[in-house]
Amino acid sequence: MTYENASAFAQTSGLLYFVGIFLAVILYAFWPRNRARFDAAAHLPLIED
C-alpha cells in the first residue's frame with residue numbers, strides 16, 4: 001500500500017465517519033420525542049428566581 005492509497009483511504013473513511021456523526025446529531029436534535037426537552041432548555045434563561 002502506497003502513501004497515496006493510505007491517504008485516500010483515511011480521507012474517505014474520515015469523511016464518512018464525520019458525515020455519519022453529523023447525521024446522528026441532526027436526527028437527535030430534530031427527533032420529535034426530544035422537543036419538550038429542548039423547549040424547556042430554551043426557556044431556562046427567561047425563568048426568574
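Bear in mind that the values in this text are calculations on the coordinates, not laboratory data. Keep in mind it's a predicted model, so treat the numbers as computed, not measured.
Mean projection of the Cα convex hull over all viewing directions, computed for the chain: 5.3 nm².
Here the Karplus curve 6.51 cos²θ - 1.76 cosθ + 1.60, taken at θ = phi - 60°, turns the phi angles of segment 5-16 into couplings of 5, 5, 5, 5, 5, 5, 5, 5, 5, x, 4, 5 Hz, with x standing for Gly and Pro.
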